[in-house]
Amino acid sequence: MPPTKQPIAGLLKHYLSMGKKHGVTYKCGEEVTSEMIKAENPDAVVLATGGCPIIPKIDGVTNENVVTALDILSGKKVAGKNVLVIGGGSVGVETADFLAENLRNVTVVEMRDEVAIDEPNYPKIFLMERLRIYNVNILTSAMVTGILPNGITYKKSDEELKLEGFDTIVLALGVRSYNPLEESLKNLDLEVHVIGDALKAGDAVDAILEGAQLAINI
């Protein structure tokens, strides 16, 4: 969904089409359980259950105007006019890019002294230029300590400060592995593989390579 990520969407459509062509069965809208897997009696199981957003344990995180980057990018939530993005890694800056392109006034707050540290160098150059053109405000070296009804409290250089005037607060602090099935499969006589974000949070390119290599080995 973020700008310039459209080739990945096309790639996913290609994989889906080729999978159907070669006999892959897709079942959507089902929560998989260990009982279901056991009933299928497979030779191998690949757990690629991905990750889920990291939610910080700070005051105000459950406020109604607090959403995740995934909520915004998936269209589940619509941001107000003035948006504060907490987290300036790849997820945060790409979400800010998406919001700014859709005519929102965006501010990004990052605890490190630089944003987009985990963004590859080549796309980062153009991403940062787009953020500059869209007048996205970037505040670095700022540790968020709490969320207010219309902003945040944060610490910068040992000083407690406030940042207010926002309709929507977006959490973009990365993802943690989501792997609810591995433990329940350990007692079954199955070949089990955990890949992608389900194993360790990373980027899409690494996950694609990992999946391809595993498929070849299987």
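Ratio of alpha-carbon Rg to the 2.2 N^0.38 Å globular estimate for segment 101-178, to two decimals, please. Walk me through the numbers before you get to the answer.
Numbers: Rg = 13.7 Å, N = 78, 2.2 N^0.38 = 11.5 Å.
So segment 101-178 has a normalised radius of gyration of 1.19.
So, how do all the Cα-to-Cα distances of segment 115-158 break down into 10 Å bins, in percent, from 0 on up?
23, 38, 32, 8
Cα-Cα pairs above 18 Å in segment 75-119: how many percent? The partial results should precede the final answer.
Numbers: 231 of 990 pairs.
Tail of the P(r) past 18 Å holds 23 percent of the pairs.
Let me spell out the model: positive unit charges on the Cβ of Lys and Arg, negative unit charges on the Cβ of Asp and Glu, origin at the Cα centre of segment 16-147. What dipole size does that give, in debye rounded to 20?
On the way: 13 positive and 17 negative charges, 74 e Å.
Charge dipole, segment 16-147, about its Cα centre: 360 debye, nearest 20.
Tabulate in residue order the Karplus-calculated ³J(HN,Hα) for segment 167-178, using 6.51 cos²θ - 1.76 cosθ + 1.60 with θ = phi - 60°, rounded to whole Hz; enter x for Gly and Pro.
8, 9, 10, 10, 8, 9, 9, x, 10, 10, 4, 10
Round to the nearest 0.05 the FRET efficiency obtained for residue 36 and residue 206 when R0 = 35 Å and r is the Cβ-Cβ distance.
Values: r = 28 Å, r/R0 = 0.81.
The calculated FRET efficiency here is 0.80.
Given R₀ = 25 Å, what would the calculated FRET efficiency be for residue 17 paired with residue 177, taking r from the Cβ atoms and rounding to 0.05? Before the final figure, lay out each step's value.
Working: r = 29 Å, r/R0 = 1.15.
The value I calculate is 0.30.
Of 20/124; 27/124; 20/76; 5/81; 57/155; 20/77, which pairs sit farther than 25 Å apart, going by alpha carbon to alpha carbon? Mind dumping the intermediate values first?
Numbers: 20/124 35 Å; 27/124 36 Å; 20/76 28 Å; 5/81 23 Å; 57/155 16 Å; 20/77 32 Å.
Going by Cα-Cα distance, 20/124; 27/124; 20/76; 20/77 fall outside the 25 Å limit.
Counting only protein heavy atoms, what percent of the accessible surface of segment 1-59 is carbon or sulfur at a 1.4 Å probe?
Details: 2710 of 4660 Å².
So the carbon and sulfur contribution to the accessible surface is 58 percent.
Leaving out same-chain residues fewer than 8 places away, which lysines sit with a Cα under 23 Å from that of residue 186?
Excluding near neighbours in sequence, the set is 38, 200.
Helix-derived [θ] at 222 nm for the chain: sum -39500 (n - 2.57) over DSSP H runs of at least 4, divide by residue count, nearest 500? Each step should come with its number before you reach the end.
Values: 7 runs with 72 residues, N = 218.
That calculation yields -10000 deg cm²/dmol at 222 nm.
In nm, what is the difference between 0.36 nm times the number of residues separating residue 112 and residue 76 and their Cα-Cα distance?
Numbers: separation 36, 0.36 × 36 = 12.96 nm, distance 2.88 nm.
Residue separation times 0.36 nm, minus the Cα-Cα distance, leaves 10.1 nm.
Rounded to whole Å and sorted largest first, list the principal axis extents of the Cα atoms in the chain.
Dimensions of the chain along the principal axes of its Cα atoms: 58, 34, 28 Å.
The values are calculated or read from the model by the stated rules, or taken from the named source; none is laboratory data. Predicted model only: the values in this text are computed from it and were never measured. Note that we place each Cβ from the backbone using ideal geometry, even for glycine, and neighbour counts take in every protein chain shown. To get the accessible areas, we keep the full protein, side chains included, count just its heavy atoms, and leave off ligands, DNA and RNA. Shrake-Rupley method; radii C 1.70, N 1.55, O 1.52, S 1.80 Å.
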